[in-house]
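Data first, discussion second: the structure below is written as structure tokens.
The values are calculated or read from the model by the stated rules, or taken from the named source; none is laboratory data. Computed from a predicted structure; not experimentally measured. Note that we place each Cβ from the backbone using ideal geometry, even for glycine, and neighbour counts take in every protein chain shown. The protein model used for the area step is the full one, side chains on, heavy atoms only, and it has no ligands, DNA or RNA in it. Shrake-Rupley method; radii C 1.70, N 1.55, O 1.52, S 1.80 Å.
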Amino acid sequence: MDKIKEHFETEAKEFDEIIIKLIPYYEQMVDSLVSSIHFNDNAHIRVIDLGCGTGTIAKKISDRYTNSTIVCLDIASNMIEMAQLKLAGHPKTEFINDDFSKINFTEKFDVVVSSLALHHLETDKQKKEFYKRIFDNLKTNGIFINADVVLGSSDYWQDLYMQKWIKYMNKSVSIEEIQTNWIPKYELEDRPAILIDQIQWLKEIGF
């Protein structure tokens, strides 16, 4: 987590530009996440964004749910500063600069969201335990939405995913930068899990 924190502290100011170049269909992913929240637009919901980054998703939620209270949590203080600027027009926003994996939930939420963050949990065991903590801290009729990196269900699929990801990045980033910067960071920091495995864990937990 120290390496991850250092990485995101450094990239915070450029993060919004970088992520569009690195993550295929990022904007569509954000829109899909927000549109999946099932509450009425005028609902007074309490939301937490785990690994909020620069606050892109929290801002989209605040625009749709103007009566919401949103907790933005991120390990990188520079990311929190960017999120504070982005959400300055939404007075009911709280900011926590901390490691989400160590957070002690003291309340229940209507909505728990996370984007491109929970795959940093190092082991499957840690992921399952964290999903259980999320489940235990959702209100009745609450929802957990996780838009994240997944591992291919076989070597064939993982190789194909990586090829397509590199091809996407190469539209705006050189192969040299991809091979010397972004792929090594992925291999060092990211610990994705297989999608169907995660769905099974969620079912077993009670989702």
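A compact table of results
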| item | result |
| --- | --- |
| Candidates Asp99, Asp124, Asp110, filtered to the one that is surrounded by 14 or more Cβ atoms within 10 Å (Cβ to Cβ) and at pLDDT below 95 | Asp99 |
| Contacts under 6 angstrom Cβ, first residue in the stretch 40-59 being closer than 14 Å to Met79 by Cα, partner open to solvent by 50 Å² or more (accessible area, probe 1.4 Å) and among the basic types (Lys, Arg), 6 or more apart | Gly55/Lys86; Lys59/Lys86 |
| The stretch 158-207 - residue that is aromatic (Phe, Trp, Tyr) and either in a loop (DSSP other than H, G, I, E, B) or touching a helix residue (DSSP H, G or I) at 6+ places or on another chain (Cβ under 6 Å) (or both) and, of those, most open to solvent (accessible area, probe 1.4 Å) | Phe207 |
| Output for the stretch 139-148, where each listed residue is in contact with an Asp or Glu (Cβ under 8 Å, 6 or more places away or on another chain), open to solvent by 40 Å² or more (accessible area, probe 1.4 Å) and not basic (Lys, Arg) | Asn141 |
| Where Phe39 falls short, out of the listed (1) at pLDDT 95 or above; (2) open to solvent by 50 Å² or more (accessible area, probe 1.4 Å) | (2) |
